[in-house]
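Shown next, in structure tokens, is the structure this report addresses.
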Amino acid sequence: MSSQIPIILASHGPFAQGLLECAEMLIGSQENISVISIQRESNINEVKKHLFETYQHVNKGNGVLILVDLLGGSPCNLASELVITQNDVVLYCGINVPTFLEILSNRDLPLHELHQVINDVFPDSCINVGEQLKPLAQNDSEL
């Protein structure tokens with residue numbers, strides 16, 4: 001299973017853990033998935049550090065897929081920093097059960113192909129945050 005793309009699920013509250021538990025009830029136990037739940041009392045700097053350490057730990061050289069709940073929320077904003085600073089991170093927000101099940105069913109694909117499956121099968125369901133950040137990064141580099 002080491003060739004499977006590692007996944008980080010991050011959310012406000014217990015949503016990410018619940019999503020994983022739901023998927024495992026439907027299709028069985030999953031490996032190499034990390035959950036980060038931001039609680040009301042969470043220290044954002046500690047969460048940022050934990051997210052980066054989790055990325056480093058799960059990344060086996062084939063990239064990392066990060067799935068978050070809301071565009072513009074803390075999990076998304078923190079993960080966006082990884083998208084900007086690392087070249088092997090794909091970030092989607094708006095994750096839901098059907099999309100997550102499709103992702104889990106295709107985790108043996110290379111990251112760029114898994115990325116394409118998400119775009120093809122669920123074009124209106126999840127937002128590719130990296131695509132949203134590209135124009136911003138290009139503008140910054142032009143300054």
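Numbers for the structure displayed
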| item | result |
| --- | --- |
| In the range 24-58, the residues that are basic (K, R) and surrounded by fewer than 11 Cβ atoms within 10 Å (Cβ to Cβ) | R40 |
| Selection from the range 12-60 of residues that are polar (S, T, N, Q) and either assigned to a helix (DSSP H, G or I) or under 17 Å from V83 (Cβ atoms) (or both) | Q17, S34, N45, T54, Q56, N59 |
| Hits in the range 82-134 - residues which are in contact with a Phe, Trp or Tyr (Cβ under 8 Å, 6 or more places away or on another chain) and among the acidic types (D, E) | E102 |
| Odd one out for I84 among (1) out of contact with any strand residue (DSSP E or B) (no Cβ under 9 Å at 6 or more places or on another chain); (2) at pLDDT 95 or above | (2) |
| Pick from the range 60-108, criterion open to solvent by less than 20 Å² (accessible area, probe 1.4 Å) and in contact with a Ser or Thr (Cβ under 6 Å, 6 or more places away or on another chain), ranking: nearest to I5 (Cα to Cα) | T99 |
| Within the range 87-120, considering residues that are of a type in the set (S, T, N, Q) and touching a strand residue (DSSP E or B) at 6+ places or on another chain (Cβ under 9 Å), the one modelled with the highest pLDDT | T99 |
| Near pairs, Cβ below 7 angstrom, 6+ apart or cross-chain, from the range 84-95 (of a type in the set (G, A, S)) to any residue that is outside any strand (DSSP E or B) | G94/L71; G94/S125; G94/C126 |
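The values are calculated or read from the model by the stated rules, or taken from the named source; none is laboratory data. Note that the structure is predicted; figures quoted are calculated from it, not measured. Every residue, glycine among them, receives a Cβ derived from its backbone with ideal geometry; neighbour counts consider all protein chains shown. All accessible areas refer to the heavy atoms of the entire protein, side chains included, with ligands and DNA or RNA removed. Shrake-Rupley method; radii C 1.70, N 1.55, O 1.52, S 1.80 Å.
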